[in-house]
1. Counting only residues that are among the basic types (Lys, Arg) and either open to solvent by less than 40 Å² (accessible area, probe 1.4 Å) or part of a helix (DSSP H, G or I) (or both), which one in region 92-129 is nearest to Ser8 (Cα to Cα)?
2. Mind checking whether some residue in region 106-124 is in contact with a His (Cβ under 8 Å, 6 or more places away or on another chain) and not aliphatic (A, V, I, L, M)?
Amino acid sequence: MSVIVTDSGFAADDWTHGFTPADELAANEPGVAVAVDLASDADPALLHNRVHAIDMIRIDFPVYSDGRGFTTAAILRRMGFEGRLRAKGHVLADQYAMARRSGFDEVEIDDTLAVRQPEDQWLARADWQAHNYQARLKA
């Protein structure tokens, strides 16, 4: 099982349409809810012409020290992706604010991590806009 983390805390996964690997996206039928799994080393340009037809993109974080997903999220948002953007895998509570600032709407973690880093640790970082050092430097 997995736990979805948002600014409101822990929740069950409400996405019921499944996920398609990015390299199999062309096989999807038009008009069907589309969710794409994107590997941490995938080039977001693969989705350039399709971002407006995708409902959700889930970016994999294979280890907590692999920050490529943060960059990928920011690139996708600059490309015009407006759907749900989910980080999946080894994202720590300490990284939640960075995930939100880079464009993620939510984080998917496994039950083991949810026990090791309970909801209160994630909620402590939920006010991610207030702790943006870049905004403080510009002020």
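1. Restricting to residues being among the basic types (Lys, Arg) and either open to solvent by less than 40 Å² (accessible area, probe 1.4 Å) or part of a helix (DSSP H, G or I) (or both), the top hit is Arg100.
2. No: zero hits.
Results for (1) touching a residue at least 24 places away in the same chain (Cβ under 8 Å); (2) touching a Gly at 6+ places or on another chain (Cβ under 8 Å), shown as yes or no for each residue.
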position: Val36; (1), (2): no, no
position: Leu92; (1), (2): yes, no
position: Glu108; (1), (2): yes, yes
position: Trp122; (1), (2): yes, yes
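A quick yes/no check of all residues on (1) open to solvent by 20 Å² or more (accessible area, probe 1.4 Å); (2) β-branched (Val, Ile, Thr):
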position: Asp14; (1), (2): yes, no
position: Glu24; (1), (2): yes, no
position: Leu38; (1), (2): no, no
position: Arg50; (1), (2): yes, no
position: Asp60; (1), (2): yes, no
position: Tyr64; (1), (2): yes, no
position: Gly69; (1), (2): no, no
position: Ile75; (1), (2): yes, yes
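The values are calculated or read from the model by the stated rules, or taken from the named source; none is laboratory data. These figures come from a predicted structure and were not determined experimentally. All Cβ positions, glycine included, derive from the backbone under ideal geometry; neighbour counts span all protein chains shown. These area figures cover heavy atoms from the full protein model, side chains too; ligands, DNA and RNA do not enter into them. Shrake-Rupley method; radii C 1.70, N 1.55, O 1.52, S 1.80 Å.
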